[in-house]
Structure formats: C-alpha cells, structure tokens
1. How far is helix 748-778 tilted off the main Cα axis of the chain, in degrees rounded to 10, range 0 to 90?
2. Can you give the extra length, in nm with one decimal, that the chain gains between LEU169 and LEU389 once fully stretched, where that is 0.36 nm per residue apart less the Cα-Cα distance?
3. Quick check on packing: order 676-683, 479-486 by the mean number of other C-beta atoms within 10 Å, highest mean leading.
4. Please work out the Cα convex hull volume for region 647-756 and give it in Å³ per residue.
5. In the chain, what % of DSSP beta bridges are antiparallel (nearest 5)?
6. Given 0.36 nm per residue, what is the gain on full extension from GLN102 to ALA570 after removing their alpha carbon distance, in nm?
7. How much mean residue ellipticity at 222 nm does the chain get from its helices, if each DSSP H run of length 4 or more adds -39500 (n - 2.57) and you divide by all residues, to the nearest 500 deg cm²/dmol?
8. Sort the following peptides by mean Cβ neighbour count (other Cβ atoms within 10 Å, averaged over residues), highest first: 741-750, 385-394.
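No value in this document is a laboratory result; all are computed from the given coordinates. What you see is a predicted model; the values in this text were computed from it and never measured. Here the Cβ positions follow ideal geometry from the backbone for every residue, glycine too, while neighbour counts run over all protein chains shown.
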Amino acid sequence: MQTLIHDLRFALRQLRLSAGFTLTAVLMLALGIGATTAIFSIVEGVLLRPLPFPQPERVVVVSDLLTGVDAGGEGGVGVTVPDIKAYTRDTHSFESLGGYQQTGFELSGVGDPAPISASRLTSGVLPALAVQPLMGRVFTQQEDEQGQPVVVLSYETWQSRMHGDANVLGSKILLDRKPYEVIGVMPRNFEFPLVPGHLNRSELWVPISFTAQELTETASASWAYQMVGRLKPGISPELARQDADRAAQETMRGYPAFMSTFHIRPIVRSLQEDTVSQARPLVRTLFLAVSVVLLIACANLAGLLLVRAIRRRREFAVRLALGASAGMLLRQVLLESLVLSVSGGVIGLVLAWVALRVGVKLLPETLPRIGEIGLDWKVIAFSLLLAGLTGVLCGLIPAFASIRTNVNDMLKEGGRTGSAGGGHARLRSALVIAEIAVALVLLTASGLLLRSFEKMREVDPGYRPDHTLTASYSLPRNHYATQASVDAFDHELRRRLEQLPGVSSVALTTFLPASGNDGNGAFVAEGYVAPKDSGMDLGTKVYVEGDYFAAMRIPLLRGRYFTVADKDGAQLAVIVNRKLAEKYWPGQDPIGKRMRIGTQQLQTPWQTVVGEVADVKQGSPDDDTKNQFYQPTEQVEEAAGSLASPTDLTGNSGYIVLRTQLAPEQMENALRATVRAMDPQLPLDQVQTMEHAVSTSEAPRRFNTVLITAFAAAAVLLAILGIYSVIAFSVALRVQEMAIRIALGSQRSGVLQLILVSGAKLAGIGCGIGLLGAVAASKLLGTFLFGVSPFDPLVLSLSAVAILLLALAASVLPARRAAHTDPVQVLRSE
C-alpha cells in the first residue's frame, strides 16, 4: 500500500510538470466520457431501467390484432369497451386487469382554470400496477360502476396546484365544472400511462365509468382504449394470450352486423417492451455515435501517452540501468494513465450533469420515461468504470513501449535526437488512421441526416403555415350538454373572431395539420369494387366550420369549397383529397361522385363530392399521406344517420384557426380576450402559430440531426487534433534531419511539401477505410432517412474531401515549423 501511495505521488508530480499535456488529455477524455455518460443515462432511463412498479416483469398490456380493416393488411390497435368487459370478466390469468383511456379536463376550483391531462381508469388498473398511494386510497369497482366523482392526484399536481396541502383528502376540485372528491395522492415520480415526452403525462386519474354513448352498438367499433394487467405467478404472456383468445371469440359472436368483417386476435406483451419499442432504434443509434466519439478520444489519449513514453525513453533507460524493474515502470505508466482517465471521468460526470439539466427539456417527444433520466448510482458507476477501463486500455500501449526500451542503445545515443523506431511510428500512424476512419463514418451519417432534413423541409405540406394562429379548446360536457349548446357557442365564437381587426379568415375544426391527430373513419365510395378480403376503407375524417380551406390556404384542385348553402337540410356535401380521389375514382373527375360514412352493412346517407383539395400532411412532412375527407359541421347529424349522436362524432373540443394580416403572435391576446368574454372559465390550450406547430412536428428528426452532427463535429475535431499531434511529434523527432536537408541545399518549400504529403497519406488511407465503414454503417440509418439514399455519392464524396482538407490544414502548422528550422542552431545543439 505504501508503494502504491508513493507511485501515485510520483505520477501526480510527473503530470504536474507536464501541465499542457495533462490538461489536454484530461479535457479530451472529459469530453468523450461526459458525452458517453449523458447518452448512457438516456439509454439506462429509457431502455434498461425496470419499470417503477413491483415485479415489473409481470405487468403486461393486452391489445387486439385487428384484421379486415385496411386494404390487404392488418394492424395492432387498442381495445374496445366490449373487449375491456370480456377480458376482465372471462380471463383467469391475471391478478388484476383493467382498461384505461387518456383524456383531458378543464381543472378549476384551485387557482385559475387550466386544461389538464388525465386518464380514465377501470378499477383494475392501479391494483395491476401494485403501487400504493402516498396518501389516501384508489377508487373501487363499485365507485367505477356507479360513476362516483372521485379523483386520485399525482404528486406533482398535489404540490403545484394544491400547494402540498396535508388536508387535501376529502376536498373538492372541479373537472369540466363538475365537483370531484380527492380520495388519494400517488407517490412522487409515479407515472401512468407511460407516454412519450413531457406534454401528455397524466396529472390525475378518475374512474372510467362508461357513458351511454360508449355502451352503444356502434361505439363498440371504437378501439380507443388500452388495457394493462398483472399476470399471476407462473403464468407466461403466451398462456395469458390463449386465455384472452377464448374471451375474444365470445366478444366477436356479439358483434353487430356492420362489424361482421372484423376479426380480432389478442396480443399480450410486456409493458416494458411496449413502452420502449419505438424509442429503441433512436437511443441505440445515439449510443453508437457517442461511443465512436469516445473511441477517438481514447485513440488520441493512447497516441499522446505513446508520444510521452517515447520522449521519456532516456529517463526509462536510466531507471532500468539503476535497478528499476520492468514491472515498476509498467505500474508507473499505467498509474499515470489512470490518474488522467479518472480525472477526465470526474470532470466528464460534471459535464454530463450540466448537459442533462439543460438537455432533457430538448429531448424529442418520441422518447418515453423522460422524467426518469438522470445521474443515478448506476450511471455514476458506469462513468467511473468507463474511466478506469479507458485508463488501463489506453495506458497499455505506452506502458509496454516503455519497458521495451534498449538501455545500451539509449545511453550510447546520449542527448542526440533520432528515430523513435519504425514500430512506434507505425503504431502512431495506425491510431490516427483509425481516428480519421471513424470520424468520416460519423461525418457521413451527419451529412445524410442533414440532407434528409433538408429534403423533408422541401416537402409541400398541402397548406401554408404562415400568418396563422391556432388554439385548442374543450367545452365542459356538464355545461354544454347538448349539440345545440355546442353549436351556439361555436357559431358565436366564429362570428366574434371574424370581427377582430387584422383577421382574414376564421375556422373551427376537429383536425389540425402537424398535430399528428388522426380521426380515422370508415367510408364507402360509390362504384368502387374493393379487392377480396380487403376489409373496411379508412380515411381521416375532418369536420370544419367557417373558411377552413382559406384559413389554412389548402389549394382547391377541382370543384368548390364549402359555402353557407351547405347547411342542414341541403344536399349533403363532402370534399376529398387527391389521394382518396385517385384511389377510388382513378382517371375520373370525382366531382359529383358519392360516398358515405361507415361500412356496407351500416346504411348511412350518401354525400356528394363537391370539391377535391391537395393532400395535407397530418404530422411531420415526412409522414405518409392518408385518405382524407372533409364535412361541414352543420350537416354532421344528417350525414351520420344512426351511426352515433352528433356530439359523439364532433366532440366538445376542437381547434380554432385564424389567418391574420398581422404577425399571428400579435393576435394571441385578442383571441384569449374574445373567448374569455364568452366564457370566463374556459381555458385555451396550445395557443401557437402554425409555423411553431410545424416546427414541433419536425423536432424528432431535427433532434437526431443536431445530435449526430454535434458528435460528428467532436469526432472530426478530435481526429484533426490526433493528426496534428502525430505530424508535430514526427517533425520534432526529425528536426536534425530537416536541419541537415536545409544545410545541404534543400528548399524550404520542399520540406513543407514533405510534411504535408506525410499528413495527406495518413488522411487518404483513413478516408479509404472510413468510406467502406460509412457504406456499412449507413444501412443502420435507413429508418431515419427521408428522400436520401444511405449510399448518397454526394455526401460520401464531400465528407471524404472535407476530412482530407482538414487533415492538410492540421499538417500546415508543423510543416511550416519544419520549413523554418534554423540548421545552424540545431546542428550546434547536437
């Protein structure tokens, strides 16, 4: 132990004497280890960390695999109300099983009214998660079935909105202006459902208490719910699936006639897998990219340590001559490497902490469990272990180089400089070539993502987002209980907004582009003969009121827009998008064609196509275009027939769209004031410009691009530092040779060219290897690219040229230093 302490002191003293080398090595490692630690914390929080529930491996989701829905395909969906009742009642593989649905409320009675995200649960959900409340209790099956107005709060809602009131149990809050009794508060960090991002996390939970509309025959075709359960000990997901399949068969026997083409097969899989499956490709790609940066940092450290060991050959020779063992030298060099790496690891932890504090808010909304990302003990242990391994691995090469010193040769050479040995030179060159190769791989990936992002930005979304202000609202059902009251509010709101100065067009709609909401509905196109076993035809169903197409600047391709004549009692009108028209009436003019809502078995009135408009992107510009059809809200009830009540179809919520002559941000206060004048308690949500909404929809791809580009920039910088250090050290070792060349008449330009060619050779070999690696790695980026081939020749060639030019630039300074060598001074010193 005493020897180790002595060696540690000696290592610290040696590193202190080489302050520039020490600072460079530590900061380089801090960058690599800090970035790797920050990304690993995302990997651990999103992918590796068990769910925050007791025995999480037993928690599963139950959903339906539904066939007979889309043309020739099948897809996994949620569950229906009959499914929830059947699976809960007739299965025997679960300790607890329940259904849920995310929703939103207007919260009042505690501060200013505000929109709030929430979830409706059956009584089996919270027992399936097996998390006990921090205070109070959860609701019972009886409270759910009787529709008792009780609510369980999240810890964050209790703290922020109730100020942590210890007497909150038994108090009342207003949800959609209906009083609910607070019966429980969940623990800190409890989250369910485990939805991606920050925005839609549930702040409270209420009994689902199915409404009369949800229990109708037609509503049984709504797969708008989810289920979660806890398996009994010893029951596998496959056994539970077989158990659920028997209940599904019974459910299908009770289907109404219009659902005769439907067939469901239950799916039972781990909640952990269900939560992280979509995020896994992105997180793995990020971890791979940051690992490449760390690899380059390690190669640079190994190169610097090797250079340091070569410079200290005479010192090692003297120590060996005086009786030091090879083991002592090996231990000493490894200890210096460990001191550097651990110091870099500690600083890297601080950098990772700072990055996470700032960066978690910037993570895309596609990542789940964002709230659990942080520096816990596992991440800290990973960082320190990584630092230790880096120190050992990077120190092995210079350590073995130090003990292979030829004592006699070194002592005979005296103070003369000379070659460090062909083996050492080749090893340093190999490290730099490897750095350049992996840097080129990252740079190519960055270039592909940048081109892909640019291609996405060039896509025509089918509308113009400029000068447009949007907001969402939801009318409380207790206050606006009938369709007449909803219609009266909407008509008056539109009338008042149209009178605001600077407003060009006003519309209300159930669908907003770039929001990602779908609103799928089945329809039948007159004259279209579907392929055998193709099932229902689905399209995005949009209800509009006012000048929606003018407000969104959606181009009219044929026919006309809706007019004031398209009202209740008039001919039922519908507008379709280009994709729907081309698929169902190919080569024909769709104007005058007819379609209706629902399936062949469900007879609803025919609607006449009066217009064809451009395809509108529903989410990000790189999303696939879907069938879309638009209906005026004034004709919803007649067009729906017996399908459902109009309130159930259009809902009590929607979006406001204002096209303004002014900057849309200037209209926000006027919009809020207009709504407040009509209903002082009604809050507006997502008040934003349409350009901001589009930017938000592009955020996941932008995040991928920016982060990979940042890693590529770091990798290229480290690679250039590596080639600079190798060329500079090579020049330092060959200073006597350069002096002799100049003394014998060589031109300084020739010396400059000699050094630049040396750097260009290393860069050329590295680029050749890197191009092969980039082609192989590009396949991994396929799912993240849009409109760009993974083997894009322009990106590959430009990346290689950039690396070559940067490598030459890194060689210029040491080349100029060599060309300005003073032969008299150098030869005199020898």
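1. Orientation of helix 748-778: about 30 degrees from the principal axis.
2. Details: separation 220, 0.36 × 220 = 79.20 nm, distance 5.26 nm.
Separation in residues times 0.36 nm, less the Cα-Cα distance, equals 73.9 nm.
3. The peptides rank, most packed first, as 479-486, 676-683.
4. Values: hull volume 24.0 nm³, N = 110.
Expressed per residue, the convex hull around the Cα atoms of region 647-756 is 218 Å³.
5. Details: 75 of 92 bridges.
Within the chain, antiparallel bridges account for around 80 percent of the total.
6. On the way: separation 468, 0.36 × 468 = 168.48 nm, distance 3.69 nm.
My answer for the length gained is 164.8 nm.
7. Working: 26 runs with 403 residues, N = 830.
Roughly -16000 deg cm²/dmol at 222 nm, from the helical runs in the chain.
8. Details: 741-750: 13.0, 385-394: 19.0.
With the highest mean Cβ count within 10 Å placed first, the list reads 385-394, 741-750.
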